[in-house]
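Trainee: Please see the structure below; I have some questions.
The values are calculated or read from the model by the stated rules, or taken from the named source; none is laboratory data. These figures come from a predicted structure and were not determined experimentally. Note that we place each Cβ from the backbone using ideal geometry, even for glycine, and neighbour counts take in every protein chain shown. Surface accessibility is based on the protein's heavy atoms, side chains included, excluding ligands, DNA and RNA. Shrake-Rupley method; radii C 1.70, N 1.55, O 1.52, S 1.80 Å.
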Amino acid sequence: MSDLVFLVALFSTLGTLVAWRVSGIVTAVVMAVLLLIWTISSSLQLPMLLAWAVFLTTALPLVIRPVRKEFLTRWIFALFKKATPTMSRTEREALEAGSVWWDGELFSGSPDWNKLLDYPAPKLTKEESDFLAGPVEELCALLNDWEITNKLNDLPESAWTLMKEKGFFGMIIPKEYGGLGFSALAHSAVVMKISSRSMSAAVTVMVPNSLGPAELLLSYGTDEQKKNYLPGLASGAQIPCFALTNPHAGSDAASIPDTGIVVKRIIDGKEALGLLANFEKRYITLASVATVAGLALNVKDPDGLLEGDDLTGITVVLVPADTAGVTLGRRHNPMGVPFINGPVLGKDVFIPIDWVVGGHAGLGKGWKMLMERLAVGRSISLPALSVGGAKYSSRVTGAYAAVRTQFHMPIGKFEGVEEKLAEIAGLTYMIESARTLTLGAVDSGERPAVISAIMKYSLTEKLRTVINHAMDIHAGSAISLGKRNVMANAYMALPIAITVEGANILTRTLIVFGQGALRSHPYVMREIEAVGNEDSETGLDQFDIAFFAHIQNTAANAIRSLFHGITGSIFAVVPQKKERRMYKRLTRLCAAFAFTADIVMITLGGALKRKEKISGRLADALSHLYLASALLKRFNDDGSPKDDLPLLRYGVDSALDETEKALSGVIDNLPACPVACFLRFVTFPLGRLERGPSDNLGHKVATIILEPSGTRDRLTEGVYSMADPSDSVGRIEDAFNKVVNAEPALRKINLGIRNGVINNRDDFTTALEAGVISQEEVDLLSVAREARNEAITVDDFTTEEMK
């Protein structure tokens with residue numbers, strides 16, 4: 001019996017020490033002490049001898065580095081060196097772009113929640129708030145999406161003038177160059193508000209402030225280039241576009257066939273070094289109105305005219321639109337959404353080296369520039385569009401569902417509609433949480449490459465769900481085009497946001513986990529760098545440290561995942577908050593994700609690159625772990641408002657359910673059955689524990705956007721809103737307010753019908769005469785009925801108008 005007790009004590013202690021990531025030496029000392037106590041207190045038995053044998057032959061050699069490195073690590077190092085493919089320059093630049101931030105904590109399997117909560121919440125300055133309340137409101141008031149889409153096929157001239165005069169195109173440009181010098185949070189807030197009014201206008205403002213000439217010049221341009229271009233870009237005198245995509249190289253942008261051949265030309269009687277460029281670009285926003293185009297070219301130097309190393313390859317140049325050989329002006333028609341978008345063509349265009357971003361030193365550095373700036377840009381623009389669209393849909397669809405009636409009841413009261421309303425509101429709260437968390441990181445100096453890919457992919461996909469649900473609820477009024485329609489333009493614009501900056505399919509299957517597994521993992525990149533070290537002995541030493549730390553981390557996550565899975569994570573150490581149960585559940589799944597990721601990488605190795613379905617599911621898991629983290633962070637930053645708790649619970653329940661679903665899908669599809677069975681035992685010892693939001697919780701969340709409240713206003717804060725009955729959106733908001741005001745009177749009428757006093761709920765005169773309602777209530781009901789009729793009316797046209 002005593003032997004069994006000691007064995008249990010040995011295994012329990014070992015598991016605890018490994019789970020808490022105690023160093024190997026300390027662990028070995030503790031285990032040796034326990035073995036000595038067992039030896040002293042008991043007679044020599046076979047279990048004891050086996051325990052000593054295992055300890056002396058495995059534990060001691062593993063913790064004595066010189067022995068381990070010489071007899072074990074050297075052999076493993078040689079295997080890794082043989083199996084690890086050489087990393088190309090573009091692959092390395094893509095992996096090294098940006099910074100590792102909260103994604104590193106998630107990949108560790110043991111995130112520091114206090115570290116997350118200590119990140120400062122981003123705040124707008126007074127100047128930024130005033131800009132939103134002034135020029136942005138003024139711009140939104142000028143925008144009528146029906147007119148823009150169906151009559152002008154462009155923004156109104158008054159909007160273009162205002163955007164230029166008020167500096168909308170120079171939000172990211174410092175004040176020293178005439179720009180506004182806004183934060184990422186303000187940039188996002190401006191785009192978000194405009195997108196709730198007009199997607200065309202939002203994209204027009206977004207592009208000059210995103211990946212393009214201004215951002216590239218600020219980070220990499222020469223002083224002369226900055227002085228030459230930035231003031232004009234800030235004032236709107238210069239309209240920029242940036243051209244990357246070629247018909248034959250979209251997502252595979254590193255392989256663009258657009259070339260710049262290094263040549264010499266006589267310019268103004270002097271010999272000049274430059275590039276003879278030929279290019280064919282498409283899908284370029286603002287191309288047909290641009291005065292300067294940023295271009296990505298593949299520079300080649302067949303005659304060896306360049307002096308220096310690594311000066312060929314992807315290079316970014318700035319080319320005035322009126323340069324000989326450049327063709328601009330034609331437009332694409334993206335889903336009928338008339339933001340300016342078209343091709344940029346060039347035939348034998350001579351580009352002086354001075355036009356290369358960064359000058360001569362910028363040659364061949366284009367891919368690195370683009371990857372580094374994309375790490376920031378993906379965090380701001382498209383997430384802002386997504387959140388703006390979701391907040392808009394939440395506000396207008398909740399109001400419509402409260403106003404529209406069927407069977408004498410608001411459609412929002414039907415459980416089927418309520419279910420979709422809950423998801424609309426819950427996802428809106430979720431993606432706004434991710435937006436503010438990520439912007440806080442960007443404004444504090446982070447360039448979160450993997451997180452930015454998560455933001456682009458996850459937020460546009462969540463918006464897809466929100467818009468589709470909203471279309472279902474608005475039903476016939478959503479598909480009947482006209483100036484009263486409030487959903488069709490958002491629905492038609494949605495695929496554009498999903499396609500921009502790389503299709504979501506590829507973002508999910510190749511970038512989020514594909515880059516994250518190397519970039520964000522605490523040890524994998526260190527192992528790869530050690531293997532690639534030209535000094536083999538130094539590389540061996542680095543590899544030994546990283547590899548065995550990796551093994552310890554994997555073992556720790558396995559034990560924590562199994563333990564928390566069995567105990568329901570009740571012993572997880574988390575911040576002591578009223579929502580601590582959510583932190584505990586999230587902690588369990590972080591360990592499960594990290595362990596699953598390690599096992600998948602170990603078993604599939606290089607083949608994982610081709611197992612895009614598995615990689616995509618791991619991307620889903622990582623994305624939802626980040627979204628759940630963002631939800632908890634936002635709730636804490638907002639002061640933990642009790643009224644927002646249903647939104648928090650709905651979002652976390654949904655995110656954790658999706659995480660479990662993704663991890664389960666990974667395990668189900670692993671090719672090695674024994675590995676899959678072991679992995680399932682460790683990650684889900686009692687089966688899946690998450691069940692998603694309950695129906696009762698969904699009811700509470702849907703009610704938030706069906707009724708006026710501070711919670712509804714906080715959920716949709718930052719979108720353009722009005723209650724002007726002459727406006728398509730204002731008409732629904734006006735009806736919503738009037739219907740809500742009339743509800744007490746309507747309840748009296750319904751009570752009168754049930755009591756047999758009256759028999760027609762639409763006959764207010766009879767109800768008044770019967771004493772069921774007062775004259776004031778008759779007026780309220782009449783006004784509400786008129787407003788409701790206006791809100792649900794759809795447009796129709798004569799045959800001639802249709803032609």
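Trainee: Taking 0.36 nm per residue of separation and subtracting the Cα-Cα distance, what length does fully extending ARG282 through ALA475 add? Could you put the intermediate results ahead of the total?
Mentor: Values: separation 193, 0.36 × 193 = 69.48 nm, distance 3.49 nm.
My answer for the length gained is 66.0 nm.
Trainee: Name the aspartates and glutamates eligible as straight-distance cross-link partners of LYS123: C-alpha to C-alpha under 16 Å, and not fewer than 8 places from it in the same chain.
Mentor: Hits, sequence-local ones excluded: GLU432, ASP443, ASP637, ASP638, GLU717.
Trainee: Could I ask something else about it? Pull up the cross-link candidates among the aspartates and glutamates for LYS748, meaning alpha carbon to alpha carbon under 12 Å and not fewer than 8 places away within one chain.
Mentor: GLU777
Trainee: Gain in length, ASN468 to ASP535, computed as 0.36 nm per residue apart minus the alpha-carbon separation, to one decimal in nm?
Mentor: Numbers: separation 67, 0.36 × 67 = 24.12 nm, distance 5.65 nm.
Roughly 18.5 nm would be gained on extension.
Trainee: Can you work out the Karplus-derived ³J(HN,Hα) for every residue in the range 358-364? Use 6.51 cos²θ - 1.76 cosθ + 1.60 with θ = phi - 60°, whole Hz, and x for glycine or proline.
Mentor: Going residue by residue, I get x, x, 4, 5, x, 4, x Hz, with x marking Gly and Pro.
Trainee: Per 0.36 nm of contour for each residue apart, how much would the distance between THR765 and LEU152 grow if the chain were fully extended, relative to their Cα-Cα spacing?
Mentor: Numbers: separation 613, 0.36 × 613 = 220.68 nm, distance 4.72 nm.
This chain segment gains 216.0 nm when fully extended.
Trainee: Treating only the Cα positions of the chain as identical point scatterers, give the base-10 log of I(q)/I(0) from the Debye formula at each q in 0.08, 0.10 Å⁻¹.
Mentor: Here log10 of I(q) over I(0) equals -0.78, -1.10.
Trainee: Can you list the lysines whose alpha carbon is less than 16 Å from that of LYS803, not counting same-chain residues fewer than 8 positions off?
Mentor: Correct list for LYS803: LYS151.
Trainee: Can you list which of the chymotrypsin sites (Phe, Trp or Tyr not before Pro) found in the range 294-388 are DSSP loop residues with at most 12 other C-beta atoms within 10 Å? It would help to have the intermediate numbers written out before the result.
Mentor: Working: sites: PHE339, PHE350, TRP355, TRP367; in loops: PHE339.
Here no chymotrypsin sites (Phe, Trp or Tyr not before Pro) fit, given the DSSP loop and packing criteria.
Trainee: Taking the Cβ-Cβ separation of VAL740 and PHE797 as r and a Förster radius of 35 Å, what is the calculated FRET efficiency to the nearest 0.05? Display every interim value, and only then the final one.
Mentor: Numbers: r = 33 Å, r/R0 = 0.93.
Efficiency computed from Cβ-Cβ geometry: 0.60.
Trainee: On to the next question. Just to compare against my own numbers: the Cα pair-distance distribution for the range 606-724, 5 Å bins, whole % per bin, please.
Mentor: Distribution as computed: 2, 10, 15, 17, 16, 12, 10, 8, 6, 4, 1, 0, 0 percent.
Trainee: Suppose each label sits 7 Å from its Cα in the direction of the beta carbon; what would the SER42-PHE407 distance come out to in nanometres?
Mentor: Going by the 7 Å Cα→Cβ label model, 6.9 nm.
Trainee: I want to make sure I understand the PRE zone here: with the label point 7 angstrom from the Cα of ALA723 toward its beta carbon, which residues in the range 379-420 have backbone N atoms less than 15 Å away?
Mentor: 396, 399-400, 403, by backbone N distance to the label point.
Trainee: Could you sort out which of LYS483/LYS633; LYS227/LYS270; LYS82/LYS609 sit more than 29 Å apart by Cα distance in this structure? Each step should come with its number before you reach the end.
Mentor: Numbers: LYS483/LYS633 40 Å; LYS227/LYS270 24 Å; LYS82/LYS609 18 Å.
Long pairs (Cα-Cα over 29 Å): LYS483/LYS633.
Trainee: How much of the accessible area of the chain, in percent, comes from carbon and sulfur atoms when a 1.4 Å probe is used? Intermediate values should be presented prior to the final figure.
Mentor: Details: 19170 of 34260 Å².
C and S atoms contribute 56 percent here.
Trainee: For the cross-link pairs LYS613/LYS661; LYS391/LYS456; LYS413/LYS578, which exceed 21 Å when the distance is taken from alpha carbon to alpha carbon? Don't skip to the end; give the middle numbers.
Mentor: Numbers: LYS613/LYS661 14 Å; LYS391/LYS456 17 Å; LYS413/LYS578 31 Å.
Violating the 21 Å Cα-Cα cut-off are LYS413/LYS578.
Trainee: How many nm separate the modelled label positions at ARG754 and ASN333, each set 7 Å beyond the Cα in the direction of the Cβ?
Mentor: 5.6
Trainee: Next question, about the same structure. Calculate log10 I(q)/I(0) of the range 146-225 for q = 0.20 Å⁻¹, where I(q) comes from the Debye formula with a single equal point scatterer on each Cα and nothing for solvent.
Mentor: Normalising to I(0) and taking log10 leaves -0.91.
Trainee: While we're looking at this one, here's another question. Of all trypsin sites (Lys or Arg not before Pro) in the range 589-684, which ones are in loop regions per DSSP and have a Cβ with at most 12 other Cβ atoms within 10 Å?
Mentor: Working: sites: LYS609, ARG610, LYS611, LYS613, ARG617, LYS633, ARG634, LYS642, ARG649, LYS661, ARG680; in loops: ARG610, LYS611.
Taking the range 589-684 and a limit of 12 other Cβ atoms within 10 Å, the loop trypsin sites (Lys or Arg not before Pro) found are ARG610.
Trainee: Starting from the range 723-787, pick out the GluC sites (Glu not before Pro) whose DSSP state is loop and whose Cβ has at most 12 other Cβ atoms within 10 Å. Intermediate results must be reported in sequence, preceding the final value.
Mentor: Working: sites: GLU733, GLU769, GLU776, GLU777, GLU786; in loops: none.
Nothing satisfies the criteria.
Trainee: If you don't mind, there's one more thing I want to ask. Taking amide H positions as placed in the peptide plane 1.01 Å from N, state which residues far from GLY342 in sequence (5 or more) or on other chains have amide H under 5 Å from it.
Mentor: Distant-sequence amide H within range of GLY342: TYR283, ILE284, THR285, LEU286, ALA287, SER288, HIS332.
Trainee: Kindly provide the helix-only [θ] at 222 nm of the chain, computed as the sum of -39,500 (n - 2.57) over DSSP H runs of four or more divided by all residues, to the nearest 500 deg cm²/dmol? Intermediate results must be reported in sequence, preceding the final value.
Mentor: Working: 35 runs with 458 residues, N = 803.
Rounded to the nearest 500, the figure is -18000 deg cm²/dmol.
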